[in-house]
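The values are calculated or read from the model by the stated rules, or taken from the named source; none is laboratory data. Bear in mind the structure is a predicted one, so any value in this text is a computation, not a measurement. Positions of Cβ are backbone-derived with ideal geometry, glycine not excepted, and every protein chain shown enters the neighbour counts.
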Amino acid sequence: MMKRTARLRIRRGTSGEPVRYEEFAVPFEDGATVLDALIWLRSFHDPTLAIRYSCINANVCKECAIAIDGVVDYACMTRLREDATPMTLEPLPEKPVLRDLVTETRPPRERLKGS
Amino acid sequence: MTHIETDILIVGAGGAGMYAAIAAARAGAGQVLLADKSLVGRGGATVMAQMTVAAALGEECPDEWTAHLDDTLASGRGLCDEALAELLCREAPIRIREMDAWRVGWARRTDGRIAQVTAPGHARPRCCYVDFLNTGPAVAATLRRQVSRLDAIRRVGNLIVTDIVTADGEAAGAIALDAAAGEAVTIAAKAVVIAAGGLTRIFRRNSASANMAGDGYALALAAGADLVDMEFVQFFPIGHLAPRLVGMDPIMWDPFRYKLGGRLLDGNGCEFLSDYGSDEAAGYTTPRDIATYAIHKEVAAGRGSPHGGVYLSFAHVPRSELEAAFGPVIARLARNGIDLGNMAVEVAPIAHYHMGGIAVDRDMASRVPGLFAAGEAVGGANGANRLSGNAIPEALVFGERAGRSAAAYAAIRTLSWGEPRHVAAAALDRIRGLVAGQRGDVAASSLLDELRELMWRDVGPCRSEAGLRRAASRLAAMRAALSEVAIAPGAAFNLTLTDWFELRASLIAAEAVTHAALARRESRGAHQREDFPETDPSLAYRRRIRLAADSTIRVGGFE
């Protein structure tokens, strides 16, 4: 039986690097979320992929907000799409990018250097 | 390189860490550094709490903290550290009233008194909560607000403490990694409080935040402190299993059972708890250790649900009652395709809380002078099985006590750090070296995945000598091979680097659990041995774990 998959097109790199996108195929299961797919990618395909999350499934930490197909949403709340058309994942707009999908979301007073 | 000097360093900014910071500042500490691996007040276990907070407030009916203590000791299956359990029960009402004054929003009865429900193991209605399923987020937000009002507290997120530094056997500060920048940080402190939570993330099925990886235990062991009761991992019996549910914590069925009862059924739709000595004729009364064991046995006997758990059903509860008890949550479930009035869900045990932890006295002081602990990181108060509702009071009570003790300790000491570049050079060099990258053919993220599978299979709800030995041997090999784990070069938010530190901590914590479990040749509370199914009354004692000079785990005698 064909394995069910979804496709993700992810913006990569740190703030100083030119913009680039990479595309990945990930396993799809009914009900799976975008965060499930990102965690799978880190465990089994590309451990260098940077994402920010803490509570995984409860949507209480609010750390996993990214832009999904151009719309800001939580990766843990957005269902993965089983489709040949990739879902495009980008860091939050108008926040400084640290790496890949991770932006500087710490409140200014909670940073080491109060930048 | 950044060097920080502070009176008190608090590692972990969940409920215990935030309360410790507040108490330290109230006690006169001039500078408190509140550091978290994740974001301050957002990660950890506190924010995940769904409902119950136990305290003998006596709002529903007369109650005494001594009655709460009786229930805590009974739940602990003869193993509680009574001094810690007493502190927890005696001071819980003070902290819960203080949270009320800070407007956490405890649910009220129609007469204005705080509402309290009866949770399994409690003889009286004693558990307050914030509706709906909002206890944890409300507690965390309330503490964040109090913390932000105190000028003495400096908060830093994404700061990963990698080593506690000692000078002449006393805690003198820490080495940390600023994950956002990928730079080493040195922190000189007169006292250190470890409030980094538990280790449930090292099990495949868990209800933990990503950062509950055992860091606090590894830090304490390496600094020379003892751990206690490490074999006792609480598996929450009815963690959500299927259908896939997003936006809700997997332990969310507990509040439903408090308010509505519900029925646990095997794969054939038959009730089974009575076969394990716990009929629920009087409502939701089965303790967590017994329910976990019962579900595990039903599934092993081939009577499980399709996804390998059992069914939880509220189909007998009238829809109007469902709506009244959980209003907006019913709609959230419907969006996940779950019509609670019409179908059962599948549930199964899930690693939820760690009874074991850092051995401390009533002042939350470890055996290392200047090193304190608070919250879930502390071991002993809950014995072999934690009573429902004791985790949040433990965070608040132990946090307050640890902050106050650390402030008193720091008040009469000076920084003993010396010239920073000469202190803990090895730890600093390691961070700098790892930031430059490390060659290897295996990623820490895949080893963490293997660790979770292995711990679930061999050190999970049902254990045996053979499985525990297999786990111990593989864990030791993984720890020995840490220098061969690949780290990609890169400073800013390099997860291959932070994964490496997480793996290092998780392996030590996992070994501590495994060796403690091997040493306890009986079944008691959350520790169930297939090969020693009976409780042995001669083993009603706690055991300590210490790190030997060669970095191996040593299990001490009973005490």
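Some notes on this structure:
- Taken together, B:Arg413, B:Arg452, B:Arg430 contain a single residue that is more than 14 Å from chain A (Cβ to nearest Cβ) and farther than 27 Å from B:Ala29 by Cβ, which is B:Arg430.
- Matching entry among A:Leu112, A:Leu80 (being at pLDDT 95 or above and either more than 8 Å from every other protein chain (Cβ to nearest Cβ) or within 24 Å of B:Lys37 (Cα to Cα) (or both)): A:Leu80
- When B:Ala444, B:Ala411 are checked against the criterion of being buried (at least 18 other Cβ atoms within 10 Å of the Cβ) and aliphatic (A, V, I, L, M), a single residue qualifies: B:Ala444.
- Pairing each residue of the stretch A:84-98 that is in contact (Cβ under 8 Å) with a residue 40 or more places away in the chain and within 14 Å of another protein chain (Cβ to nearest Cβ) with any residue that is outside any loop (DSSP other than H, G, I, E, B) and β-branched (Val, Ile, Thr), provided the two are 6+ apart or on different chains, yields C-beta distances under 8 Å for A:Pro91/A:Ile66; A:Pro91/A:Val97; A:Pro91/A:Val102; A:Pro91/A:Thr103; A:Pro96/A:Thr103; A:Val97/A:Thr103.
- Residue in the stretch A:21-29 that is without any contact (Cβ under 8 Å) to a residue 24 or more places away in the chain, within 12 Å of chain B (Cβ to nearest Cβ), surrounded by 14 or more Cβ atoms within 10 Å (Cβ to Cβ) and not hydroxyl-bearing (Ser, Thr, Tyr) present: no
- Taking every residue in the stretch B:398-415 that is closer than 13 Å to B:Ala195 by Cα and pairing it with any residue that is among the aromatic types (Phe, Trp, Tyr), at least 6 positions away or on another chain, the pairs with Cβ-Cβ distances below 7 Å are B:Gly399/B:Tyr19; B:Glu400/B:Tyr19; B:Ala402/B:Phe372; B:Gly403/B:Tyr19; B:Ala406/B:Phe372.
- Lone unmet requirement of (1) touching a residue at least 12 places away in the same chain (Cβ under 8 Å); (2) closer than 30 Å to B:Phe493 by Cβ for B:Ser148: (1)
- Within the stretch B:181-218, the set of residues being of a type in the set (Gly, Ala, Ser), more than 20 Å from the chain's Cα centre (by Cα) and crowded, with 24+ Cβ neighbours inside 10 Å comprises B:Ala189, B:Ala191.
- Only one of the listed residues (B:Arg77, B:Arg103) is closer than 23 Å to B:Gln234 by Cβ, at pLDDT 95 or above and outside any helix (DSSP H, G or I). That residue is B:Arg77.
- For the stretch A:63-77, filtered to residues that are free of Cβ contacts under 8 Å to residues at least 40 places away in the same chain and either surrounded by 16 or more Cβ atoms within 10 Å (Cβ to Cβ) or touching a Ser or Thr at 6+ places or on another chain (Cβ under 8 Å) (or both), the residue that is nearest to the other protein chains (Cβ to nearest Cβ) is A:Tyr74.
- Restricting the stretch B:136-153 to residues that are buried (at least 18 other Cβ atoms within 10 Å of the Cβ) and outside any helix (DSSP H, G or I) leaves a set whose member that is nearest to the other protein chains (Cβ to nearest Cβ) is B:Ile153.
- Residue ID - farthest from B:Gly356 (Cα to Cα), chosen from residues in the stretch B:478-522 that are within 10 Å of chain A (Cβ to nearest Cβ) and of a type in the set (Ser, Thr, Tyr): B:Thr496
- Taking the stretch A:42-52 as the range and being within 9 Å of the chain's Cα centre (by Cα) and either within 7 Å of chain B (Cβ to nearest Cβ) or outside any loop (DSSP other than H, G, I, E, B) (or both) as the test, only A:Ala50 passes.
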